[in-house]
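Quick notes on the structure that follows.
What follows draws every value from the coordinates through simple rules; no lab data is involved. Note that this is a predicted model, so its numbers are computed, not measured. Cβ sites come from the backbone with ideal geometry, for glycine too, and all protein chains shown count toward neighbours.
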Amino acid sequence: MLKTSVIGSYALPPWLITATNAVERGEYGPKDVEETLDDAVNMAISDQEEAGLDVVSDGEMRRFGFFTAGFYGCLSGLSALEPLRRLGPGGHDQRERYEALEPFAAPDGLGLVPEFLYARARASRPLKVTCPGPYTLAGRIQTGGIYPDRMAVSERFAEIINSELKAVVRAGATFIQLDEPSYAVHKHSPRAFVNLFNGCIDGVDAEIGLHLCFGNYVGRPVAHRTYAPLFPHILDVSAQEIHLEFANREMSELELTKQIAEASRTVAAGVIDVKNYFIETPEIVADRIRQVLKHVPPDQLVLAPDCGFSETARWAARAKLHALVEGTRLVKAELGV
């Protein structure tokens, strides 16, 4: 009851950034890279467990910013394109882009299995496996005439992800979360999104979570921040847990959580603002939790940050995780649980 969790990514320490730059200059060998990434995962798990979280992740430390080498680097049939903009304030038009040259594939998988096996051996708490969803991954790929549209690219990704998720379940994973910020960015086809999601996790024998947000590249969203157009269709996804961000929107649209709970799903509510360097006090977090509890029974509620911490400094991420856990403890004491 009232478990605390994370979304997936964790803050990148400065030494991982400098190591990444060294790798790009050719200064690291394969074993240097492996040791560096192992140490980064160890740090992420340690920070989360030190804070007292109930469910942890590997911090997505091996993925270099959610997309880059972690997933697209596993694919054949793509060619990298130049970013649309390189200079000026950080924004989504500075991100990586690719073009399909042929039907793409993942000959050796997406890397979820070795990521999970390493993290499981080091985590003492329940571990969630995270993966970007097919529609979100498709957003960085131009069709190149190989695919008719973004949805066709997404369907190909769904096939690849489905195989990967089944493999990680065979390795022992019991909770898998798909991250689909693009659903809330492109709200025009909620029924198509449901069908895509359900096909992606078809036959995957694990508890499934769906994380919906509005983007967090360099700490910035990229959408009109409302979930309402996705409802009620999104309730037809074959997920047991649905996560929505609330803290950075001043707890707007909390009434939607009632629909999720009434559909017999767990609500994972974002009560920590990862896009703000204001460090919440436990009392502020507790107040946010009480607001959610007006709509969701405590046995159907998980508390989490709004999004991942990949765009947050480590000192702030650690402080925010401690506030999340301490604020939850305050509410649990009030409820006698």
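The loop-placed chymotrypsin sites (Phe, Trp or Tyr not before Pro) in region 245-333, going by DSSP, that have at most 15 neighbouring Cβ atoms within 10 Å of their Cβ come out as 277, 278. Near residue 144, the amide H atoms lying under 5 Å from its own belong to 100; only residues 5 or more places off or on other chains count, and H is placed 1.01 Å from N. In a fully extended conformation the segment linking residue 35 and residue 218 would gain 63.2 nm over its present Cα-Cα distance, using 0.36 nm per residue.
Applying a DSSP loop filter and a limit of 15 other Cβ atoms within 10 Å to the trypsin sites (Lys or Arg not before Pro) in region 258-328 leaves 294.
The trypsin sites (Lys or Arg not before Pro) of region 1-98 that DSSP puts in a loop, and whose beta carbon has at most 10 other beta carbons within 10 Å, are 25, 86. Of all the options 238, 79, 154, the one that moves most in a Gaussian network model of the chain with Cα springs shorter than 10 angstrom is 79.
Each of [x] 69, 44, 37; [y] 79, 45, 42; [z] 57, 45, 44 is a candidate for Cα extents along the principal axes in Å; the one calculated from this structure is [z]. Computed about its Cα centre, the charge dipole of the chain is approximately 480 debye, with only Lys, Arg, Asp and Glu carrying charge at their Cβ.
Can you give the longest run of the chain that contains no GluC sites (Glu not before Pro) sitting in a DSSP loop with at most 16 other Cβ atoms inside 10 Å?
On the way: sites that count: 27, 96, 250, 253, 255.
Result for the longest clean stretch: 97-249.
Could you tell me which of the pairs 128/294; 166/187; 3/320; 3/166 are separated by over 21 angstrom between their Cα atoms in the structure shown?
On the way: 128/294 27 Å; 166/187 28 Å; 3/320 16 Å; 3/166 26 Å.
As for pairs spanning more than 21 Å Cα to Cα, those are 128/294; 166/187; 3/166.
Dipole orientation for the chain: of the candidates 129, 315, 248, 248 has the Cα lying most toward the positive pole (charges on Cβ; Lys, Arg +1; Asp, Glu -1).
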